[in-house]
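Engineer: Got a structure for you, written out below as structure tokens; questions coming shortly.
Read-outs: derived from the displayed coordinates by stated rules, not from any lab. Every value quoted in this text rests on a predicted model; they were computed, and no experiment measured them. Cβ sites come from the backbone with ideal geometry, for glycine too, and all protein chains shown count toward neighbours.
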Amino acid sequence: MDVIITGASRGIGYEIALTMAASVKCRILAISRNLKPLTNLKQQVEALTNGSELTPFSLDFEQAGFELELIKKIKALHFEPGIVINNAGLLIAKPFKDLESSDFDRIFDVNVKSVFLIIKSLLEFIPQKSHIVTISSVGGIQGSAKFNGLSLYSSSKAALCVLTECLAEELKPNNIQCNCLALGSVQTEMFKEAFPGYEAAISANEMSKYIVDFALTGNRFYNGKVLAVSSTTP
């Protein structure tokens, strides 16, 4: 099985890659802007005994044309991703009055536009019965608790929820399932930035196990669904 994971250099993405590699024999294309942690990740995957492989790949989702580099890599690896996990995300925590147009562009480029470009670029390579899992936030769900300083971040995550619903409908002829997991608090570097001093009850490793299991089996039961995965507020 071929798997693509974005935002794999730290936190949940890093743990997803490790858990996936240990769960099934697979080839993982691990994507992040920061390559050094991916090198360490590759070594950990190679230490497993089930034959899983990991290829580190550096991409900057704020760089125009990154998707062209992704297509080149997919072709070079003869990759046919049966699972795509859109996990990469950018958080800018600022009061609304202090936000600038450049903040909007950065967050929506990384959190939303990159997902659009990745999926669009991969369509010709994704086989039938594949599963696209996009990681959103419970803060992006209408009616959920909202927090000061996270207006752009939450708005971008809300866009992913609707994009998933639309993609599931459009990709039905391709027999490709799309679902969105809206995560609550998980103890990661990004969570610490958003809620300094608050300790989440769920670790990145614990959440990764849920996400990997869902990526492997969830498309048998769900398509076009936004599922909140949260036991606390935040």
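Engineer: Report yes if residue 162 is β-branched (Val, Ile, Thr) and without any contact (Cβ under 8 Å) to a residue 12 or more places away in the chain, otherwise no. Let's see the steps before the verdict.
Structural biologist: Working: β-branched (Val, Ile, Thr): yes; without any contact (Cβ under 8 Å) to a residue 12 or more places away in the chain: yes.
Answer is yes for this residue.
Engineer: Which condition number in (1) in contact (Cβ under 8 Å) with a residue 24 or more places away in the chain; (2) farther than 16 Å from residue 110 by Cα; (3) part of a helix (DSSP H, G or I) is the one that residue 67 fails?
Structural biologist: Residue 67 satisfies every listed condition except (2).
Engineer: From the list 199, 189, 165, 170, which residue is farther than 16 Å from residue 89 by Cα, within 18 Å of the chain's Cα centre (by Cα) and not aliphatic (A, V, I, L, M)?
Structural biologist: Answer to the check: 165.
Engineer: Please indicate, with yes or no, whether at least one residue in region 110-117 is within 14 Å of the chain's Cα centre (by Cα), touching a residue at least 60 places away in the same chain (Cβ under 8 Å), assigned to a helix (DSSP H, G or I) and crowded, with 19+ Cβ neighbours inside 10 Å. It would help to see each step written out before you state the result.
Structural biologist: So in region 110-117, the residues within 14 Å of the chain's Cα centre (by Cα) come out as 110-117.
Add one more test, that the residue is touching a residue at least 60 places away in the same chain (Cβ under 8 Å), and what stays is 114.
With the extra rule that they be assigned to a helix (DSSP H, G or I), the set shrinks to 114.
Next, from what is left, pick out any that are crowded, with 19+ Cβ neighbours inside 10 Å: 114.
Looking for residues that are within 14 Å of the chain's Cα centre (by Cα), touching a residue at least 60 places away in the same chain (Cβ under 8 Å), assigned to a helix (DSSP H, G or I) and crowded, with 19+ Cβ neighbours inside 10 Å, one finds at least one in region 110-117, hence yes.
Engineer: Taking region 174-190 as the search range and keeping residues that are closer than 19 Å to residue 145 by Cβ and in contact with a Phe, Trp or Tyr (Cβ under 8 Å, 6 or more places away or on another chain), which one is surrounded by the most Cβ atoms within 10 Å (Cβ to Cβ)?
Structural biologist: 181
Engineer: Please find, within region 18-39, the residue that is surrounded by the fewest Cβ atoms within 10 Å (Cβ to Cβ) out of those that are of a type in the set (Gly, Ala, Ser) and farther than 14 Å from residue 208 by Cα.
Structural biologist: Keep residues of region 18-39 that are of a type in the set (Gly, Ala, Ser), which gives 21-23, 30, 32.
This time we only want the ones that are farther than 14 Å from residue 208 by Cα, so: 30, 32.
On the way: 30: 29, 32: 26.
The selected residue is 32.
Yes or no, residue by residue, for (1) surrounded by fewer than 23 Cβ atoms within 10 Å (Cβ to Cβ); (2) part of a strand (DSSP E or B); (3) under 12 Å from the mean Cα position of the chain (by Cα):
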site: 5; (1), (2), (3): no, yes, yes
site: 9; (1), (2), (3): no, no, yes
site: 16; (1), (2), (3): no, no, yes
site: 41; (1), (2), (3): no, no, no
site: 73; (1), (2), (3): yes, no, no
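Engineer: Which condition number in (1) without any contact (Cβ under 8 Å) to a residue 60 or more places away in the chain; (2) surrounded by fewer than 20 Cβ atoms within 10 Å (Cβ to Cβ) is the one that residue 80 fails?
Structural biologist: (1)
Engineer: Please go through region 43-64 and give me each residue that is surrounded by 12 or more Cβ atoms within 10 Å (Cβ to Cβ), in a loop (DSSP other than H, G, I, E, B) and of a type in the set (A, V, I, L, M), ordered by number.
Structural biologist: 48, 59
Engineer: Quick one: in region 145-167, which of the residues that are of a type in the set (A, V, I, L, M) and surrounded by fewer than 21 Cβ atoms within 10 Å (Cβ to Cβ) is farthest from residue 86 (Cα to Cα)?
Structural biologist: Let us first name the residues in region 145-167 that are of a type in the set (A, V, I, L, M), namely 145, 150, 152, 158-160, 162-163, 167.
Filter once more, so that each one left must be surrounded by fewer than 21 Cβ atoms within 10 Å (Cβ to Cβ): 145, 158-159, 162-163.
Working: 145: 24, 158: 14, 159: 13, 162: 15, 163: 12 Å.
Going through the qualifying residues, I end up with 145.
Engineer: Part of a loop (DSSP other than H, G, I, E, B) and either without any contact (Cβ under 8 Å) to a residue 12 or more places away in the chain or touching a strand residue (DSSP E or B) at 6+ places or on another chain (Cβ under 6 Å) (or both): does that describe residue 88? Spell out how you get there, then give the answer.
Structural biologist: Details: part of a loop (DSSP other than H, G, I, E, B): yes; either without any contact (Cβ under 8 Å) to a residue 12 or more places away in the chain or touching a strand residue (DSSP E or B) at 6+ places or on another chain (Cβ under 6 Å) (or both): yes.
When the stated conditions are applied, residue 88 passes them.
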